[in-house]
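J.: Quick one: this structure, given as structure tokens, is what I'll be asking you about.
The values are calculated or read from the model by the stated rules, or taken from the named source; none is laboratory data. Computed from a predicted model, the values in this text were never measured in an experiment. Cβ coordinates were reconstructed from backbone atoms using ideal geometry, including for glycine residues, and neighbour counts include every protein chain displayed. Calculation scope for accessible area: heavy atoms of the full protein, side chains included, ligands and nucleic acids excluded. Shrake-Rupley method; radii C 1.70, N 1.55, O 1.52, S 1.80 Å.
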Amino acid sequence: MTQTAPITQDVMTIPRKLPDGPINLVGLTREALRETLIAFGTPEKQGKMRAGQIWQWIYQWGVRDFASMTNLSKAYRAELAEKFVVAIPEVVSKQVSSDGTRKYLVRIAGGHEVEVVYIPEEDRGTLCVSSQVGCTLTCSFCHTGTQKLVRNLTAGEIIGQVMMARDDLGEWPEQGAPKDETRLLSNIVLMGMGEPLYNFDNVRDAMKIAMDPEGIQLSRRRITLSTSGVVPEIAKTAEEIGCQLAISFHATTDEVRDRLVPINKKWNLEVLLEALRSYPKVSNSERITFEYVMLKDVNDSDEDARRLIQLIKGIPAKINLIPFNEWPGAPYQRSSNNRIRAFADIIYKAGYASPIRTPRGEDIMAACGQLKSATERARKSRAQIEAETRS
């Protein structure tokens with residue numbers, strides 16, 4: 001713990017200039033889709049109806065070809081094909097772990113790449129979605145944080161990750177077939193590359209699409225947004241998205257959290273916890289999840305466990321204990337299994353759920369905190385990564 005990670009930099013995101021050519025309809029809100037269709041010649045009186053029809057084709061049935069949208073006239077379909085596209089991120093590679101975890105490297109506009117992870121479990125299938133290329137937070141235990149922020153993802157690039165995974169899983173419903181309530185992709189967690197609350201508008205719009213009853217139809221309780229603690233956006237998350245909230249907590253004192261999660265220097269534990277106390281009331285969320293990565297001799301003592309219980313008192317909560325997933329040059333070690341169990345036991349006896357997360361996809365570097373674009377890794381030797389981490 002001799003290193004001091006820099007506080008996260010303030011980033012002003014300049015809107016990207018849209019490429020010339022057909023407009024991509026993926027990621028537009030319902031209202032924006034209606035307005036776009038009208039702006040390109042759809043009669044205003046038909047705008048809402050046409051937007052609803054196209055919306056269902058894209059998000060309920062997974063159709064990308066306007067010619068297949070058979071409840072629209074042939075002439076209108078041809079017109080749409082001239083002006084618009086239905087495009088999602090391109091899969092560059094897919095790796096499958098020995099435990100069934102799938103990691104996708106996907107390419108977005110500008111040639112940038114992000115990683116997306118699908119984790120199958122007995123009772124659910126969770127997709128870990130990225131919200132930025134790289135990250136601005138520089139959390140000292142996180143591999144993704146060693147890759148500088150390149151840009152925010154658009155709403156289309158975020159929801160496009162969900163559509164890409166449904167393609168790969170063969171999960172778009174078949175028209176005319178009996179409705180199948182079994183979901184291979186049943187949950188979304190915004191825990192991939194980036195800080196979702198530094199890209200709030202695009203994340204909100206993408207998740208509204210995921211929750212839409214005439215589209216992908218995921219309940220807000222099946223979507224979890226993970227933040228390191230961008231306090232001003234937490235209340236907005238409750239009001240405008242209403243999904244479940246997870247906090248990358250990881251420490252019980254400001255001194256330690258300043259080093260692990262540098263954004264704590266801007267919004268410390270007291271300020272963060274005050275914002276969290278009002279969150280469940282606003283969004284009617286069941287519980288806030290506190291994510292706590294277990295680092296040997298850093299944050300894993302019995303005293304830390306007892307402090308954690310005191311800090312979260314009064315907040316409906318569960319604590320996810322995450323064995324540290326090591327990466328080349330990582331400055332920390334994973335706490336022992338015995339230490340993690342002792343920590344969990346203290347929390348459990350205080351009345352909080354304290355599941356110990358089973359590391360998934362470690363053999364393909366798909367575990368929590370390990371995501372980083374493969375091209376970024378390929379350009380650097382292990383020694384370079386380690387030197388970069390120490391600098």
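J.: When region 145-179 is examined, which residues are found to be in contact with a Leu (Cβ under 7 Å, 6 or more places away or on another chain) and in a loop (DSSP other than H, G, I, E, B)?
T.: E171
J.: Is region 280-299 home to any residue that is open to solvent by less than 10 Å² (accessible area, probe 1.4 Å) and either among the basic types (K, R) or without any contact (Cβ under 8 Å) to a residue 40 or more places away in the chain (or both)?
T.: no
J.: Would you be able to say whether some residue in region 331-353 is in contact (Cβ under 8 Å) with a residue 60 or more places away in the chain and buried (at least 18 other Cβ atoms within 10 Å of the Cβ)?
T.: yes
J.: Assess whether G62 counts as being on the phi > 0 side of the Ramachandran plot, modelled with pLDDT under 95 and more than 14 Å from the chain's Cα centre (by Cα).
T.: So G62 fails the test.
J.: If I ask for residues that are of a type in the set (D, E) and either at pLDDT 95 or above or on the phi > 0 side of the Ramachandran plot (or both), which ones from region 15-35 would you list? It would help to see each step written out before you state the result.
T.: Here is the first cut: in region 15-35, the ones of a type in the set (D, E) are 20, 31, 35.
Residues satisfying the conditions are E31, E35.
J.: Still on this structure: Of all residues in region 119-139, count the ones that are farther than 16 Å from S226 by Cβ, at pLDDT 90 or above and not in a loop (DSSP other than H, G, I, E, B).
T.: 2
J.: Sticking with this structure for a sec: Of all residues in region 75-96 being in contact with a Lys or Arg (Cβ under 7 Å, 6 or more places away or on another chain) and buried (at least 16 other Cβ atoms within 10 Å of the Cβ), which is nearest to M163 (Cα to Cα)? Give the steps one after another, and end with the answer.
T.: Looking only at region 75-96, we keep the residues that are in contact with a Lys or Arg (Cβ under 7 Å, 6 or more places away or on another chain), and these are 86, 89-90, 92, 94-96.
With the extra rule that they be buried (at least 16 other Cβ atoms within 10 Å of the Cβ), the set shrinks to 86, 89, 95.
Working: V86: 11, P89: 9, Q95: 18 Å.
Ranking the qualifying residues of region 75-96, first place goes to P89.
J.: Then there is this: How many of the residues in region 316-333 are under 14 Å from I347 (Cα atoms) and assigned to a loop (DSSP other than H, G, I, E, B)?
T.: 1
J.: Another one. Restricting the first residue to region 222-245 and requiring it to be at positive phi, which pairs with a second residue that is buried (at least 20 other Cβ atoms within 10 Å of the Cβ) and not acidic (D, E) meet a Cβ separation below 8 Å and a spacing of at least six or different chains?
T.: G229/I247; G229/S248; G229/V261; G229/I263; G229/N264; G229/L272; G242/S283; G242/S285
J.: I want to confirm something. Restricting to region 181-195 and keeping residues that are in contact with an Asp or Glu (Cβ under 7 Å, 6 or more places away or on another chain) and modelled with pLDDT under 90, which single residue is surrounded by the most Cβ atoms within 10 Å (Cβ to Cβ)? Walk me through it before giving the result.
T.: Pass one, region 181-195, residues in contact with an Asp or Glu (Cβ under 7 Å, 6 or more places away or on another chain): 184-185, 192-193.
Next, from what is left, pick out any that are modelled with pLDDT under 90: 192-193.
Details: G192: 24, M193: 26.
The selected residue is M193.
J.: Residue check, V63 against (1) closer than 24 Å to V203 by Cβ; (2) surrounded by fewer than 22 Cβ atoms within 10 Å (Cβ to Cβ), all met but one. Which one?
T.: (1)
Every residue, every condition in (1) in contact with a Ser or Thr (Cβ under 6 Å, 6 or more places away or on another chain); (2) open to solvent by 10 Å² or more (accessible area, probe 1.4 Å); (3) within 15 Å of I288 (Cβ to Cβ), yes or no:
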| site | (1), (2), (3) |
| --- | --- |
| D212 | no, yes, no |
| Q217 | no, yes, no |
| R220 | no, yes, yes |
| I223 | no, no, yes |
| P232 | no, yes, no |
| G242 | yes, no, yes |
| A251 | no, no, no |
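J.: Just checking, how many residues over region 315-325 are over 20 Å from the mean Cα position of the chain (by Cα) and either surrounded by fewer than 17 Cβ atoms within 10 Å (Cβ to Cβ) or among the polar types (S, T, N, Q) (or both)?
T.: 1
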